[in-house]
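Asks: Please find one structure pasted underneath; my questions will follow.
FYI, it's all coordinate maths here, none of it is from the lab. Please read all numbers here as calculations on a predicted model, not as lab measurements. Methodologically, a virtual Cβ is constructed for each residue, glycine included, from the backbone with ideal geometry; neighbour enumeration extends over all protein chains shown.
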Amino acid sequence: MSAAGEVLTSGSYIKHHLQNLTYGRLSDGSWGLAHNAAEAKDMGFWAFHVDTLGFSFVLGAAFLFLFYRVGKTMTTETPSGVQNFIESIVDFINENVRGSFNGKNMMVAPLALTTFIWIILMNTMDLVPVDLLPHLASILGVQYLKVVPTTDPNATFGMSIGIFLLILYYSIKEKGAGGFAAELMFHPFGKFMLPFNLFLEGVNLIAKPVSLALRLFGNMYAGEMIFILIALLPFWIQWSLSLPWAIFHILIVLLQAFIFMTLVIVYLDMAHQKEH
Amino acid sequence: MNINLTMLGQLIMFAMFTWFCMKFIWPPIVVAMEERKKRIEDGLIAAERGIAEEAEAQQKAQELIDKSKNQAAEIIANAGKQATNMVDEAKNVAVEEADKVKTQAQAHIDQEVIRARNELKGQVSSLVMQGVNSVLEKEVDAKAHQDMLNKLSQTL
C-alpha cells in the first residue's frame, strides 16, 4: 500500500486515496503542493488539482491525437484497422445526434463525440489497479495522486457547467432573450402563476447541469470507493472481488459516458426547440 | 473533494477539446465517410444498370441470331429452288435438242428412203426394159416407150 513507513489504518488509507494532489497558496504565503488534506482544504477556491487536470488533459489529448491522425489519413477506399474503429464510433455518435437532435447545429455532433470519448477515457482510469499509479508516484516523491478525473466533482462540474453555458447561449440565440424568459415564466401554468412557474422552470434549468455532474461523479466515485475497499482485503482474496467488479465496471464506464453524451444532446435539442 | 479552480480549468479544457474536435477532427472524417457512402451508392446503381444493359444486349444478340438464322434458311431454300429450276431447264433443253436431232435424223432417213426408192425405180425400169428386150429380142425404141415406162415406174 502506498505510503510506506506510516502506520496505516483502513481509514487513513481510504482518505489518502481520496485526496487530490493540490497546488495552491500555502498557509505561509508561498505557492506549492499541499502536503496533507488539511492544507489542501485551507487553500480554498484558489487551488488546482494537478492530478485531475493532468490526467484529463493527457487523456483528452490522446483522444484528439488519435482521431486527428486518422482524420488526416482518411481514405474513401476500403478502410482498415484504426480507421474502421474510428468510423464506427463517429457513425454511432452521428446516429445518436440524428435521432435526438432536430435543430441545425454543426457543433453538437463534435461536442457529443468529445464528451463521449473523453469521459470514457477518464472513467477507464478506474480500471487501472487502485494502487499502481499512486505507488509509482510516491516512489517519485509525489504524495497524493487520484488517477480518475471523473471522481473529482471539479471535473464533472467543469464539464456540466460548460454544457449549461451552451444551453443558455443557444436558448437565447434560438428563442431570443424574450422567448427564453417567456418559456421560463409562462410555463407550465400560464401568466397568473408566474412566480411558481419561474421557480419550477428555474429548478428544472439548474437541475440539468447539477444532475449531469453529480450522476457521473457519483457513479465513478462509488466505483472507485469499492475498488479501494477491495484493496483493503488480504492480497490473495482481492482478485475474487476486484475482477467481477472490474468487469461490471466496464459497463458503468461506457454507460455513464453514453448517458452523459445523450443528455447533452437532448438538453441542447431542448434549447433549440422554439415550441415548447 | 474541494471545489476550486480545477473546475474552471476543466471547463476551459473541455471547450478547447470540443473546439479542436469541431475544427480539425469531425469534418474530414464525416466528409470522407459521406464520400464513400456516395461512391458505394453510385457503384450499386451502376451495377444495376450494367445488369439491365447486359440483359438488353443479350436480347438484342438473340434477335440478331434469330434473324440471321432465318436469312440463312431463306438463302438455302432459294438456292435449292434455283438448282431444281436449272436442272429442269437443262432437262427441257436436252429434250428439245434430242427432239430436234430426232426430227433431223427422221428427215434424213426419209430423204434416204425416197432417194433409194427413186434409184430402185430407175433400176427396176431399166431391168424391165432389159427383160422386155430379151423377150422381144428386138430393140425397143426407148424413146418411143419412155413415156409409158415412166408412167409404169410411177405406179411402182
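Asks: Estimate the FRET efficiency between B:M148 and B:V93 by the formula 1/(1 + (r/R0)^6), using the beta-carbon distance for r and 60 Å for R0, to the nearest 0.05.
Replies: 0.65
Asks: Positive end of the charge dipole of chain B (Lys, Arg +1 and Asp, Glu -1 on Cβ, about the Cα centre): tell me which of B:V113, B:P28, B:S134 has its Cα farthest that way.
Replies: Sorting the options by dipole projection puts first B:P28.
Asks: OK, next. Suppose every Lys and Arg Cβ carries +1 and every Asp and Glu Cβ carries -1, with no other charges. What dipole size does the protein assembly as shown come out with about its Cα centre, to the nearest 20 debye?
Replies: For this selection, approximately 980 debye.
Asks: Counting other C-beta atoms within 10 Å, which of A:T124, A:T114 has the fewest, and how do the rest follow?
Replies: Ranked by crowding around the Cβ, least crowded first: A:T124, A:T114.
Asks: Please express the Cα-Cα pair-distance distribution P(r) of the range A:51-272 as a list of whole percents, one per 10 Å bin, running from 0 to the bin with the greatest distance.
Replies: That works out to 7, 26, 29, 21, 11, 4, 0, in percent per bin.
Asks: Convert 37 °C to kelvin, take the viscosity as 0.692 mPa s, use the Kirkwood radius over C-alpha pairs of the range B:69-118 as Rh, and evaluate the Stokes-Einstein diffusion coefficient in µm²/s, rounded to a whole number.
Replies: The Stokes-Einstein estimate is 235 µm²/s.
Asks: Taking every residue in A:14-24, how many Cβ atoms of other protein chains lie within 10 Å of its Cβ, on average?
Replies: Counting other chains' Cβ atoms within 10 Å and averaging over A:14-24 gives 1.
Asks: Can I ask one more? Among A:M122, A:V82, A:M106, whose Cα sits farthest toward the positive end of the charge dipole of chain A (+1 at Cβ of Lys/Arg, -1 at Cβ of Asp/Glu, about the Cα centre)?
Replies: Result: A:M106, furthest along the dipole toward the positive end.
Asks: Within chain A, which whole H helices from DSSP have a Cα span along their axis of at least 20 Å and a mean Kyte-Doolittle hydropathy of 1.6 or more, if any?
Replies: A:108-124, A:235-272
Asks: What percentage of all Cα-Cα pairs in the protein assembly as shown are separated by more than 29 Å?
Replies: When all Cα pairs of the protein assembly as shown are counted, 68 percent exceed 29 Å.
Asks: Over the whole of A:152-164, what's the average partner chain Cβ count within 10 Å per residue? Rounded to a whole number, please.
Replies: Mean partner-chain Cβ count within 10 Å for A:152-164: 6.
Asks: Let me ask something else. Return one number: the angle in degrees, 0 to 90 and rounded to the nearest 10, between the long axis of the Cα atoms of helix B:26-136 and the longest principal axis of the Cα atoms of chain B.
Replies: 0 degrees
Asks: Quick one: putting +1 on the C-beta of Lys and Arg, -1 on the C-beta of Asp and Glu, what dipole do you get for the range A:51-272 around its Cα centre, in Debye to the nearest 20?
Replies: Roughly 420 debye for the range A:51-272.
Asks: What angle, in degrees between 0 and 90 and rounded to the nearest 10, separates the Cα long axis of helix B:142-155 from the longest principal axis of the Cα atoms of chain B?
Replies: Taking the Cα atoms of chain B, the angle to B:142-155 is about 40 degrees.
Asks: How well do other chains shield peptide A:39-49, expressed as the mean number of their Cβ atoms within 10 Å of each residue Cβ?
Replies: Whole-number average of other-chain Cβ neighbours for A:39-49 is 4.
Asks: When you have a sec, figure out the Kirkwood radius of the range A:1-139 from all distinct Cα pair distances and drop it here in Å to one decimal?
Replies: Over the range A:1-139, the inverse of the mean reciprocal pair distance is 18.6 Å.
Asks: Now, a different point. What is the order of A:H49, A:H249, fewest Cβ neighbours within 10 Å to most?
Replies: In order of increasing Cβ crowding within 10 Å: A:H249, A:H49.
Asks: Please report, in whole Å³, the volume per residue of the convex hull around the C-alpha atoms of chain B.
Replies: Hull volume over Cα atoms, normalised by residue count, gives 183 Å³.
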